[in-house]
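Visitor: My structure is below; once you've seen it, I'll send some questions.
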Amino acid sequence: MHKKVLSLLSFLLISVTISAQKPAKLTTNQIYEKIQKLNFLGSALYIAAHPDDENTRLIAYLSNHEKARTAYLSLTRGDGGQNLIGPEMRELLGVIRTQELLAARGVDGGEQRFSRANDFGYSKHPDETLQIWNKDKVLADVVWAIRTFKPDVIINRFNHRTPGTTHGHHTSSAMLSVEAFDLADDSTKYPEQLAYTNTWKPNRLFFNTSWWFYGSQEKFAKADKSKMLSFDIGTYYPLKGLSNNELASIASSQHLCQGFGRLTTRGTQTEYVEFLKGEFPKDKKDIFSGINTTWNRVAGGGEIGDILYDIEENFDFVNPAKHLPALLKAYQKVQQLEDEHWKQIKTKEIKEIIEACAGLYLEASAESASATPTSEIKVDFEVLNRSGLLMELSSIKILPSAKQITKGLDLANNEKQTFTETISIPTMPYSSPYWLEKPWSLGMYTVENQELRGKPETPRPIQVEFNLMIENQAVSFIKPVVHRYSKRDKGEIYEPFEVLPKVTTKLLNKVLVFSSEKSQKVTLEVHSGAKNTSGTVALKAPKGWKVTPTEAPFSIAQKGDIQLVDFMVTPTQKESEGVLKAMAKVDGKTYDKELIEINYSHIPKQSVLLPSQAKIVRLNIQKNGTKIGYIQGSGDAIPESLQQIGYEVTELNVNEINGNLEQYDAVVVGIRAYNTIKELQFKQKYLLAYVKNGGNVIVQYNTNRGVDVKAPYTLQLSRDRVTDENATVTLLAKEHSVLNYPNKITEADFDGWVQERGLYFPNQWSKEYTPILSMHDKGESPKEGSLLVAKYGKGNYIYTGLSFFRELPAGVPGAYKLFANLLSVKENTANEN
């Protein structure tokens, strides 16, 4: 599952490696580039809807060629997409994609922002999008982003004038941007924000157009370009040894869970932006033309510019420390700026340069990766000055407690100072993505703290302020506490330090399906976040369900250990659904969270706390057969879901399929298998032979781009989809066994579906197929390709675009019944028309 993200080339390039919390170690080339950015006082905000929507070519160009402070505002975190590298879906996928966006910005030089919008899945029109999102709240977040980032230039990825022609989220992002462009400077709009920031009037707004939006390159060539600006974003950066489009390719390749890894590109490439609002640039080759981006932009900046422009012009690549006296002088003057916005930005930037020029190494590494509130933990400190300047570590301050520890350590050139302190963890919120702390809706996350809104991640819980005297001038540097250790097979590893509960619990199955009145054993994992932890655990079930025992004791000696506790759960006699909640009690305090750790090599380790619970379903379901072979595609949790209702599921290695399928009652092909497994096409003969001899093969959806599922009869995939999970479903083949055996399927079995009905339905097929269902979104023609069944020899070939990969893990009863029928259809062909 774990994959290397960065090539050696990009590893040498990136100043902040993507490995979690690893400190920046800048080359002199990178220091010089930071000085160039320090001397540019201009900002650009790029706006779109999802991770991967951003144009990394343009973001990289603005950040590295123009030297502008550049940010990408993604309205969502991509929660509604799919995961090609692991099992995480929905909010956990959003956590991964957030970190992949941060990784991309670490490459292209941008910053990252978000709104509270929840990616609820594909939307065909902005009317639907803005209703589910809560337009006013998302618009407020876009205004907040503009007011806090204060961009001179805003660029939309999508066209606000063409609703209904593309993803509704895409068009909505542009529509909201156009509206927010005017509202951000209006003090009567969202006045509650002005307690934390000021109004802001951007200078100009653009749409990042291309031939794609015109339908063809020929049409674009003939288009009126009088309001367009163009740039060669293939420019070469000698200091990096890379061109801008190479840099952009590496950045977009960080989106691994979406399968965006790609080859780098080079050479001249033209990018276009269409002017929409504001002041048109005087120079169509310069997006910042007419905007003062020099130090003279701010009162008192002229003197700072005199110092810093001289450093840039005469930079010493061999001995950058020679510039420290001048940098310290400029730093002092930056602290005197009245413009708080630029003062904050330029203070951060110049301190990074001072730190790098001095060869400063400042680290606070905890003895473990987590601690609990009100506990204590030992932290090892390392402080190193690799310059000839007079330097002293006067004190350290522990944040957020503000406890100050006097040090008075002389930092002689290249003489490392180390010491250990015991830090008390205050009573404070746990470490977890802030947008997941409170219940959320289909379209919106709940974030009450205005200052957290838009931030890419939760601020680090424990930080250290290193207070230094450099040449008798006070300069402080804030570093997060990390956990640094090594493994023989991986080398040095940095992990984020987290504040976590003393106890967390985990129900091993997120959906528990009871197909009879028989009790089932339910196992609860109890995880200890501290030594010598003991208490009781219990399961709280809905009315009518019974759990024994009512509570059970646990005792765990070592931090990080797990104890398993078994309960017996008895369902109701009738069909019902509910939530089974787990809770632990320790010293009178209740703990009801599950700790989910997401640990991939290309992003920092993530600790997510969610309610410790599972969906429980009492379902009168019948099934035929027991042994199922499953071919995983891009990854889904259907095998585990089928095991819940008593199937014995074997995940098949495609390379080992050689005609040995007769032992299975059915073979299921996972989502996007033909998209992601090239070898599958060479094994298709064995699958079809299995069907011909009486087997039952169920093929789930594949995207339609450049794929052939090699069905036994003509079958053409399309982009047809039904995004409304409540869309009416009509049963076309009411007498077909797939709707009658072993479970009777009615329209009611499509109640309670989540996110969508299905996607990438076939839209053409030969007469051998029987369409089973019809459905459509509002205002569209009926789609009959969601479920097709064809007799082939003695068996059945089934193709379905229904989103079982979402419905079964969500515990949707009707989806379980229908899938059980698909697995059984070959046993009852007599009922077919």
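Visitor: Using only alpha-carbon positions, what ratio does the radius of gyration of the range 36-142 give when scaled by 2.2 N^0.38 Å?
Guide: The reported ratio for this selection is 1.15.
Visitor: What Kirkwood Rh does the range 630-770 have if only Cα atoms enter the pairwise 1/r average? Answer in Å.
Guide: After inverting the mean inverse Cα-Cα distance, the result is 16.7 Å.
Visitor: So what's the gap between the Cα centers of the range 482-504 and the range 718-749, to the nearest angstrom?
Guide: Cα centres, the range 482-504 to the range 718-749: 48 Å.
Visitor: Another question, if that's okay. Using the Cα centre of the range 503-618 as the reference point, and only Cβ charges (+1 on K/R, -1 on D/E), how large is the resulting charge dipole? Debye, rounded to the nearest 20.
Guide: Its charge dipole is roughly 180 debye.
Visitor: Roughly how many whole Å is it from the C-alpha centroid of the range 191-269 to that of the range 296-347?
Guide: Using only Cα atoms to place each centre, the spacing works out to 30 Å.
Visitor: If you take the C-alpha gyration tensor of the range 145-204, multiply each eigenvalue by 5 and take the square root, what semi-axes do you get, largest first, in whole Å?
Guide: Value: 24, 12, 9 Å, ordered largest first.
Visitor: Oh, and also: In whole angstrom, how far apart do the alpha carbon centroids of the range 60-86 and the range 645-692 sit?
Guide: About 37 Å separates the Cα centre of the range 60-86 from the one of the range 645-692.
Visitor: Follow-up question, since we're still on this one. List, largest first, the extents of the alpha carbons of the range 699-777 along their principal axes, each in whole Å.
Guide: Rounded to whole Å, the extents work out to 36, 27, 17 Å.
Visitor: A follow-up question, please. Round to the nearest 10 and give me the degree value, 0 to 90, for the angle of helix 324-334's Cα axis relative to the longest principal axis of the chain.
Guide: Between helix and principal axis, roughly 80 degrees.
Visitor: Could I ask something else about it? What number does the range 473-542 give for Rg over Rh if you use C-alpha atoms and the Kirkwood radius?
Guide: When Rh is taken as the Kirkwood radius, the ratio is 1.21.
Visitor: With the dipole of the range 102-206 worked out from charges on the C-beta (+1 for Lys and Arg, -1 for Asp and Glu) around the Cα centre, which of Gly121, His170, Gly109 lies farthest toward the positive end?
Guide: Most positive-ward Cα: Gly109.
Visitor: Which angle from 0 to 90°, rounded to the nearest 10, does the C-alpha axis of helix 90-108 make with the longest principal axis of the chain?
Guide: Around 40 degrees separate the two axes.
Visitor: In degrees between 0 and 90, to the nearest 10, how far off the longest principal axis of the chain does helix 135-149 point, with axes built from Cα atoms?
Guide: 30
Visitor: A further question on this structure: Assuming R0 = 60 Å, can you tell me the calculated FRET efficiency for the pair Ala326 and Arg719, based on Cβ-Cβ distance, to the nearest 0.05?
Guide: Result of the calculation: an efficiency of 0.55.
Visitor: In the range 503-618, what is the volume of the convex hull around the alpha carbon atoms, normalised per residue and reported in Å³?
Guide: Per-residue hull volume (Cα only) is 107 Å³.
Visitor: Also, quick follow-up: Only Lys, Arg, Asp and Glu count, each charged at its Cβ (+1, +1, -1, -1), so figure out the dipole size of the range 42-293 about its Cα centre, rounded to 20 debye.
Guide: With only Lys, Arg, Asp and Glu charged at Cβ, the dipole is about 400 debye.
Visitor: Antiparallel versus total DSSP beta bridges in the chain: what percent is that, nearest 5?
Guide: In the chain, DSSP labels about 75 percent of beta bridges as antiparallel.
Visitor: Order the peptides 783-789, 793-799 from the highest to the lowest mean number of other Cβ atoms within 10 Å of their residues.
Guide: The packing order, highest mean first, is 783-789, 793-799.
Visitor: Oh, and also: Of Phe682, Thr703, Leu661, whose Cα points farthest to the positive end of the dipole of the range 659-708 (charges on the beta-carbon: +1 Lys, Arg; -1 Asp, Glu; origin at the Cα centre)?
Guide: Toward the positive end, the furthest listed residue is Thr703.
Visitor: Here is the link list: Lys734/Lys778; Lys22/Lys397; Lys531/Lys581; Lys240/Lys407. Which ones come out longer than 30 Å on Cα distance?
Guide: Where the Cα-Cα span goes over 30 Å, the pairs concerned are Lys240/Lys407.
Visitor: Only four residue types carry charge here, +1 at the Cβ of Lys and Arg and -1 at the Cβ of Asp and Glu. Report the dipole size of the chain about the Cα centre in Debye, rounded to the nearest 20.
Guide: 1040
Visitor: Return the calculated 222 nm mean residue ellipticity for the chain, to the nearest 500 deg cm²/dmol, obtained by summing -39500 (n - 2.57) across DSSP H runs with n ≥ 4 and dividing by the residue count.
Guide: When only DSSP H runs of four or more count, the value is -6500 deg cm²/dmol.
Visitor: Which of Trp765, Trp200, Trp133, Trp212 comes first, and how do the rest follow, when ranked by fewest Cβ neighbours within 10 Å?
Guide: Listing Trp765, Trp200, Trp133, Trp212 from fewest to most nearby Cβ atoms yields Trp212, Trp200, Trp765, Trp133.
Visitor: Report the FRET efficiency, 1/(1 + (r/R0)^6), for Asp283 and Glu471, where r is their Cβ-Cβ distance and R0 is 41 Å, rounded to 0.05.
Guide: 0.45
Visitor: Sticking with this one: From the residues Ser519, Asn509, Pro542, which one has its Cα farthest along the dipole of the range 503-618 in the positive direction, the dipole being from +1 and -1 charges on Cβ of Lys/Arg and Asp/Glu about the Cα centre?
Guide: Pro542
Visitor: Please give the peptides 399-406, 609-616, 334-341 ranked by average Cβ packing (other Cβ atoms within 10 Å per residue), highest first, as a rough proxy for protection.
Guide: 609-616, 334-341, 399-406
Visitor: Find the Cα radius of gyration of the range 42-293, compare it with 2.2 N^0.38 Å by division, and give the number to two decimals.
Guide: So the Cα radius of gyration is 0.97 times the expected 2.2 N^0.38 Å.
Each value in this text was obtained by applying a stated rule to the coordinates, not by laboratory testing. Just so we're clear, the structure is a prediction, and the values are computed from it rather than from any experiment. Cβ sites come from the backbone with ideal geometry, for glycine too, and all protein chains shown count toward neighbours.
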